[in-house]
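Enquirer: Sharing a structure below in structure tokens format, with a few things to ask.
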Amino acid sequence: MAQPRPFPRLRIMVRPGLVLGPGKVDLLETIERVGSISAAGRELGMSYRRAWLLVSALNEMFGKMLVSTSPGGSGGGGAQVTDFGRAVIDAYRRADARSNQAMQEEFARIGHDMRDD
């Protein structure tokens, strides 16, 4: 039986009580792909309310809009990740990759391989 390997999960406290982590970034990426908060929530296994609350927290966290919405109705609504939201996604993914590399290097020093390959 293979021994479980530790892995890092980057969380960034942007402001007290407001944390950016992999789940929120996954939600942003899914909204960007599907163009809807409700569809993104469904795809990620969360309620519309939960997805909406996370989007609201993201917009509050940075004091700028990461996701903009248009009202629903007969023509349907939608959501778009803003340019700033895309920049936050990209910055998080770069920081996550760098932190994963640093963790692998540090654990390799003590003889523990964190890679899954």
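Enquirer: Condition (residue is within 30 Å of Glu105 (Cα to Cα), buried (at least 17 other Cβ atoms within 10 Å of the Cβ) and modelled with pLDDT of 95 or more) applied to the range 81-89: is it met by at least one residue? Spell out how you get there, then give the answer.
Expert: First, the residues of the range 81-89 that are within 30 Å of Glu105 (Cα to Cα): 86-89.
When the remaining residues are screened for being buried (at least 17 other Cβ atoms within 10 Å of the Cβ), the result is 88-89.
Checking the rest, the ones that are also modelled with pLDDT of 95 or more come to 88-89.
Yes, that holds for at least one residue.
Enquirer: For Asn59, all conditions in the list (1) modelled with pLDDT under 90; (2) open to solvent by less than 50 Å² (accessible area, probe 1.4 Å) hold save one; what is the number of the exception?
Expert: With (1) modelled with pLDDT under 90; (2) open to solvent by less than 50 Å² (accessible area, probe 1.4 Å) applied to Asn59, the lone miss is (1).
Enquirer: Restricting to the range 17-40, name every residue that is open to solvent by less than 60 Å² (accessible area, probe 1.4 Å), touching a strand residue (DSSP E or B) at 6+ places or on another chain (Cβ under 7 Å) and closer than 16 Å to Thr82 by Cβ.
Expert: Leu20, Leu28, Ile31, Gly35, Ser36, Ile37
Enquirer: Quick one: in the range 41-55, of everything that is open to solvent by 70 Å² or more (accessible area, probe 1.4 Å) and within 14 Å of Thr69 (Cβ to Cβ), which residue is farthest from the chain's Cα centre (by Cα)?
Expert: Looking at the filtered set, the residue picked out is Tyr48.
Enquirer: Please list, ordered by first then second residue, the pairs with beta carbon atoms under 9 Å, 6 or more apart or interchain, first in the range 18-46 and under 20 Å from Pro8 (Cα atoms) and in contact (Cβ under 8 Å) with a residue 60 or more places away in the chain, second assigned to a loop (DSSP other than H, G, I, E, B) and open to solvent by 50 Å² or more (accessible area, probe 1.4 Å).
Expert: The qualifying pairs are Leu20/Arg11; Pro22/Arg9; Pro22/Arg11.
Enquirer: Return yes or no: is Thr69 surrounded by 13 or more Cβ atoms within 10 Å (Cβ to Cβ), hydroxyl-bearing (Ser, Thr, Tyr) and at pLDDT below 95?
Expert: Criteria met by Thr69.
The values are calculated or read from the model by the stated rules, or taken from the named source; none is laboratory data. Since the structure is predicted, the reported quantities are computational estimates derived from the model, not experimental observations. When we count neighbours, we look across all protein chains shown, and the Cβ atoms used for this are built from the backbone with ideal geometry, even at glycine. Please note that ligands, DNA and RNA were not included when accessible areas were found on the heavy atoms of the full protein model with its side chains. Shrake-Rupley method; radii C 1.70, N 1.55, O 1.52, S 1.80 Å.
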